[in-house]
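Below is one structure, written out as C-alpha cells; comments come after it.
The values are calculated or read from the model by the stated rules, or taken from the named source; none is laboratory data. Source: prediction; values computed, not measured. Cβ: placed from backbone, ideal geometry, glycine included. Neighbour counts: every protein chain shown. Only protein heavy atoms, including side chains, enter the accessible area calculation; ligands, DNA and RNA are left aside. Shrake-Rupley method; radii C 1.70, N 1.55, O 1.52, S 1.80 Å.
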Amino acid sequence: MDFFHSQESLTILQWGMRAALGYLFLLIAAKLLGQRSISQLRFLDFIIALILGNIIAHPLSDEHLALTGSMVTTIVIVFLYLITSWLSLKWTFLKHFLDPPPLKLIKNGLIQMRSLRKAKISVDHLFSELRKQRIEDINKVALALWEPGGTISVFLEPQHQTVTAKDMYIPTSSFSLVRPIIVQGNADDKILAQQGKDPAWLEAQIHAAHVDMEDVALATIDDQDQVRVYTDLDVNEKDEQTLS
C-alpha cells in the first residue's frame, strides 16, 4: 500500500495501482451520485463533476500527494450532494434555485426575446434547434420551452401535429416491449426470470424454431412471450439487403 501514500517517486506498477484505485473509487462515487447523461446535467451536477475531477486528478499525477486526502474530500462532497438533493425535495426555494422553471422561448409563433436573453441563447441557435426537430416555420410552434437541462421542448399547434391512429380511428394493438433474450448463444437469465420463464421453456422455444442454441445470433422476446430467433445467416442476409 505504499502507492497510497505520498512518495518521492513511484514505480510504473505503483502509478498503475494508484490509477486503478482512483478509477474504481470514482466509479463508486459516480454510482452514489446517480445516473444522469451529460446533456441532462443540472447546475449542481455540473459543479460536482468539476470538483470531483479536479480533486482526484492531482494525486493521480503527483507522487508527492497521498490519495487519503482526496478520497476523504470526495466522500464529504458526495455526502453534501446527497443532502442537498434531498433538501431540494423538501424546500421549494432550494428546488427552484437548483432546478429553475423552464423559460418560454416561443409562444403562439412569437419569439420571446426577453427569455432568449435570460437563457443566453441567440435566435440562430433557436432556429437551429427547430430545424433539428424538422420544424421549418416558427408560426407552427404553439410553445417552445428552454428546459433547465439545456434542451428545448417544442409543441406544435394542433393543426400542424402528426395525425395518429387514434385520430383516424384505426384499431391498434397494445404496446409490447421487445428485448434481446439471447445474444450470440448466451441467454439473459435476468430477463427470462422477469418474464416468469425458465431455461427449459426458452430451449423449447428455440428448438421449435429448428435451431440449436449455439447457432442463435439473436433472440428477442416481447411482453406476450413471443420469441423471435435470428441466426447468423439471418443477420447476414439482412445486412446484404441493407447494403443493396
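In this structure, is Lys90 open to solvent by 90 Å² or more (accessible area, probe 1.4 Å), under 27 Å from the mean Cα position of the chain (by Cα) and either basic (Lys, Arg) or more than 30 Å from Leu26 (Cα to Cα) (or both)?
Working: open to solvent by 90 Å² or more (accessible area, probe 1.4 Å): yes; under 27 Å from the mean Cα position of the chain (by Cα): yes; either basic (Lys, Arg) or more than 30 Å from Leu26 (Cα to Cα) (or both): yes.
The answer is yes for Lys90.
Determine whether Pro102 is farther than 20 Å from Leu24 by Cα, surrounded by 15 or more Cβ atoms within 10 Å (Cβ to Cβ) and not hydroxyl-bearing (Ser, Thr, Tyr). Show your work before the answer.
Values: farther than 20 Å from Leu24 by Cα: yes; surrounded by 15 or more Cβ atoms within 10 Å (Cβ to Cβ): yes; not hydroxyl-bearing (Ser, Thr, Tyr): yes.
It is true that Pro102 is farther than 20 Å from Leu24 by Cα, surrounded by 15 or more Cβ atoms within 10 Å (Cβ to Cβ) and not hydroxyl-bearing (Ser, Thr, Tyr).
Apart from one condition, Glu147 fits all of (1) touching a residue at least 40 places away in the same chain (Cβ under 8 Å); (2) open to solvent by less than 60 Å² (accessible area, probe 1.4 Å); (3) out of contact with any Pro (no Cβ under 6 Å at 6 or more places or on another chain); (4) within 30 Å of Phe46 (Cα to Cα); the exception is (3). Residue count for region 136-169, restricted to those that are modelled with pLDDT of 90 or more, under 16 Å from Ile121 (Cβ atoms) and under 29 Å from the mean Cα position of the chain (by Cα): 7.
Each row is one residue, and each column tells you yes or no for (1) open to solvent by 80 Å² or more (accessible area, probe 1.4 Å); (2) farther than 30 Å from Val211 by Cβ.
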site	(1), (2)
Ile152	no, yes
Gln159	yes, yes
Ala165	no, yes
Met168	yes, yes
Ser174	yes, no
Gly185	no, no
Asp188	no, no
Ile191	no, no
Gln194	yes, no
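Here are some residues: Val72, Val78. Which one is modelled with pLDDT of 80 or more, surrounded by 16 or more Cβ atoms within 10 Å (Cβ to Cβ) and among the β-branched types (Val, Ile, Thr)? Being modelled with pLDDT of 80 or more, surrounded by 16 or more Cβ atoms within 10 Å (Cβ to Cβ) and among the β-branched types (Val, Ile, Thr) holds for just one of Val72, Val78, which is Val78.
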